[in-house]
Amino acid sequence: MENLTISQVSRMYDVTPRMLRHYEKIGLIVPTYKEDYAYRMYDENAVRRLQQIIILRKLRISLKEIAVILEDSEYLATLEILRKSISDLGGEISALDTIRGIISGFAERLEKCIYLKAHFDLLEDKELIELSDTLRLSKYKLKEENSMSDLNKANETLAKQDNVRVIMLPPFTVASNHVIGKEPEETVGDAVDKFIREKKLYEIKPDSRYFGFNHPNPGILPNDEHGYEVWVTIPDDMEVPAPLIKKHFKGGLYAVMTISFGDFWRWGELEKWVNESDIYETNYSELGFEIMGGCLEEHLNWVYSSHMGWPENGVDSQLDLMMPIKKKQG
């Protein structure tokens, strides 16, 4: 197998270049560099490790545990991790069996009320309330299938859209930085980080927020280049130094999902939630693919992290994926 570029790997395995760099940063995969060639290449070993990471992530194994599994030549630690996962899933399955039993009883009592034309009040059903009080609520619905196609379907359900929320972003003013190149995400935040610390932005505006988006998306420019733009919200009257540019954002309605840094594949889950919604539909920007359709990635707690001198990926390496939406007409 010949060495592959980061763009080739990204397209072949449907992972973003940003996720690949994150896996590299935490030591899960190790790219190589050709002589007189400044950019990452992925050999057969790196690609095989990536394939394993993708499968294990779909099984809800954490990146920390994956790091252990990939280096576990005797498989003992791997077995312990898998047994713990089985135990955790067993608890969720048990809770779901209980819920199914309660719902069945609920349906039977409701059916009787319909037959007798009697009034039914959920809050007056003491037995149902007592049973529900015993539950450990679970967000997950599980399937017991083993093929990769079934695993992909189960994975869509496992992250379930219960954690999607709808928010209204207000209008705000931002300091923007925009970089185009092979790996713009690696450097685009440097000037903003410096600006935050020199202006003491967190002290002036402790509710300041940090957003980013592809501009343009990979695949538009030649030579595997793409762009990334970041915004940090600032007071309306604050001036910004070059290379930063002051901009105004008009606000809007967004469907939002919180992810751990690196799990950008979950954009597909968020889009699926919007597409299946009875209330909302996408409201992409007219610029379309040029700027991710107006989608945003908010790096949570990034401004505070920068203020403290450790801006890597925010306090807890979490992001909000934000998809522009609007209410359906009619």
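Numerical summary
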| quantity | calculated |
| --- | --- |
| Residue in region 10-21 that is open to solvent by 40 Å² or more (accessible area, probe 1.4 Å), modelled with pLDDT under 95 and farther than 27 Å from residue 223 by Cβ present | no |
| Single condition residue 76 does not satisfy, out of (1) over 30 Å from residue 260 (Cβ atoms); (2) under 36 Å from the mean Cα position of the chain (by Cα); (3) loosely packed, with under 10 Cβ neighbours inside 10 Å; (4) not acidic (Asp, Glu) | (1) |
| Residue 196 being β-branched (Val, Ile, Thr), within 16 Å of the chain's Cα centre (by Cα) and buried (at least 18 other Cβ atoms within 10 Å of the Cβ) | no |
| Region 251-301 - residue that is of a type in the set (Phe, Trp, Tyr) and under 20 Å from residue 21 (Cα atoms) and, of those, most open to solvent (accessible area, probe 1.4 Å) | 265 |
| Residue 310, sole failed condition from (1) part of a strand (DSSP E or B); (2) surrounded by fewer than 17 Cβ atoms within 10 Å (Cβ to Cβ); (3) aromatic (Phe, Trp, Tyr) | (1) |
| Members of region 18-58 found to be in contact with a Ser or Thr (Cβ under 7 Å, 6 or more places away or on another chain) and either among the small types (Gly, Ala, Ser) or over 17 Å from residue 186 (Cβ atoms) (or both), listed by number | 43 |
| Region 220-250, subset touching a residue at least 60 places away in the same chain (Cβ under 8 Å) and open to solvent by 70 Å² or more (accessible area, probe 1.4 Å), residue nearest to residue 186 (Cα to Cα) | 243 |
| Test: residue in region 272-288 that is part of a strand (DSSP E or B), basic (Lys, Arg) and farther than 23 Å from residue 25 by Cβ | no |
| Residues (over 19 Å from residue 298 (Cα atoms) and not in a helix (DSSP H, G or I)) located in region 184-223 | 200, 218, 219, 220, 221, 222, 223 |
| Contacts under 6 angstrom Cβ, first residue in region 1-13 being part of a loop (DSSP other than H, G, I, E, B), partner open to solvent by less than 100 Å² (accessible area, probe 1.4 Å), 6 or more apart | 1/44; 3/41; 3/43 |
| Selection status of residue 319, within 21 Å of residue 218 (Cα to Cα) and part of a strand (DSSP E or B) | yes |
| Odd one out for residue 26, checked against (1) open to solvent by 90 Å² or more (accessible area, probe 1.4 Å); (2) within 24 Å of residue 297 (Cα to Cα); (3) touching a residue at least 12 places away in the same chain (Cβ under 8 Å) | (1) |
| Members of region 59-78 that are hydrophobic (A, V, I, L, M, F, W, C), outside any helix (DSSP H, G or I) and free of Cβ contacts under 8 Å to residues at least 24 places away in the same chain | none |
| Enumeration of residues in region 257-312 that are within 20 Å of residue 216 (Cβ to Cβ), among the aliphatic types (A, V, I, L, M) and without any contact (Cβ under 8 Å) to a residue 24 or more places away in the chain | 287 |
| Region 181-231: number of residues that are of a type in the set (A, V, I, L, M) and in contact with a Ser or Thr (Cβ under 6 Å, 6 or more places away or on another chain) | 2 |
| Where a residue in region 86-111 is closer than 30 Å to residue 61 by Cβ and its partner, wherever it lies, is open to solvent by less than 60 Å² (accessible area, probe 1.4 Å) and of a type in the set (Gly, Ala, Ser), with Cβ under 6 Å and at least six apart | 92/138; 95/138 |
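One line per residue, one yes/no per condition, for (1) open to solvent by less than 70 Å² (accessible area, probe 1.4 Å); (2) assigned to a loop (DSSP other than H, G, I, E, B); (3) over 29 Å from residue 263 (Cβ atoms):
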{"site": "57", "(1), (2), (3)": "yes, no, no"}
{"site": "80", "(1), (2), (3)": "no, no, no"}
{"site": "91", "(1), (2), (3)": "yes, no, no"}
{"site": "106", "(1), (2), (3)": "yes, no, yes"}
{"site": "113", "(1), (2), (3)": "yes, no, yes"}
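The values are calculated or read from the model by the stated rules, or taken from the named source; none is laboratory data. Since the structure is predicted, the reported quantities are computational estimates derived from the model, not experimental observations. Counting neighbours? That spans all protein chains shown, and the Cβs are built from the backbone with ideal geometry, glycine included. Surface accessibility is based on the protein's heavy atoms, side chains included, excluding ligands, DNA and RNA. Shrake-Rupley method; radii C 1.70, N 1.55, O 1.52, S 1.80 Å.
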